[in-house]
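What follows is one structure encoded as structure tokens, with my remarks underneath.
A short reminder: the numbers here are calculations on the coordinates, not readings from a lab. Bear in mind the structure is a predicted one, so any value in this text is a computation, not a measurement. As a convention, Cβ positions derive from the backbone with ideal geometry for all residues, glycine included, and neighbour counts pool all protein chains shown.
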């Protein structure tokens, strides 16, 4: 196993038990991603979800889990503490798809202070979805409405970082980020790294 992968696994374990802050972990991940093949880092550490379960993450009330996930997003992005929590509304798959209007299939949508989640959504089973949507809430609270592709790019980076760190969820492929870069360039005149 490579030295970088050992470092990543050790940093992930330290994050899990609270020794390493998410900001420090994100800095370590950024450095590792810039110096090695991303495929080495994007393989989730084995058994990480089980470690979270052992540490009691799934046994605390949902509002504590949501607060921990929001703190993760705030630490990664540097956005300030939320002034207000978004509302959570559970809607049908059809309603989510209709809200976006582009023929896609969505698990959640954030709009104007409301997090719309698909009926049956579970914070235990898909916390990366919550991390993504709470990042949108933080963006709007901190920066107002902005360039949609830029906001998506950042929200996916945050939720993908969560997936890489925890092994929960699957990070998006680089081709997805290339598409968002192209949209940000053509729609907003932005060059995203």
*Can you name the number of the only condition in (1) in contact with a strand residue (DSSP E or B) (Cβ under 7 Å, 6 or more places away or on another chain); (2) closer than 22 Å to residue 177 by Cβ; (3) surrounded by fewer than 20 Cβ atoms within 10 Å (Cβ to Cβ) that residue 99 fails?*
(2)
*Going by the structure shown, is residue 142 under 19 Å from residue 71 (Cα atoms), surrounded by fewer than 18 Cβ atoms within 10 Å (Cβ to Cβ) and in contact (Cβ under 8 Å) with a residue 24 or more places away in the chain?*
yes
*Can you tell me which residue in the range 67-82 is surrounded by the fewest Cβ atoms within 10 Å (Cβ to Cβ), limited to those that are in contact (Cβ under 8 Å) with a residue 60 or more places away in the chain and part of a loop (DSSP other than H, G, I, E, B)?*
80
*With respect to residue 136, is the statement that it is more than 17 Å from residue 70 (Cβ to Cβ) and either surrounded by 20 or more Cβ atoms within 10 Å (Cβ to Cβ) or touching a strand residue (DSSP E or B) at 6+ places or on another chain (Cβ under 6 Å) (or both) true?*
no
*Considering only the range 83-105, state which residues are over 19 Å from residue 145 (Cβ atoms) and either in contact with a helix residue (DSSP H, G or I) (Cβ under 7 Å, 6 or more places away or on another chain) or in contact (Cβ under 8 Å) with a residue 60 or more places away in the chain (or both).*
104, 105
_The lone exception for residue 119 - which of (1) closer than 21 Å to residue 67 by Cβ; (2) surrounded by fewer than 20 Cβ atoms within 10 Å (Cβ to Cβ); (3) in contact with a strand residue (DSSP E or B) (Cβ under 7 Å, 6 or more places away or on another chain) it fails_ = (1)
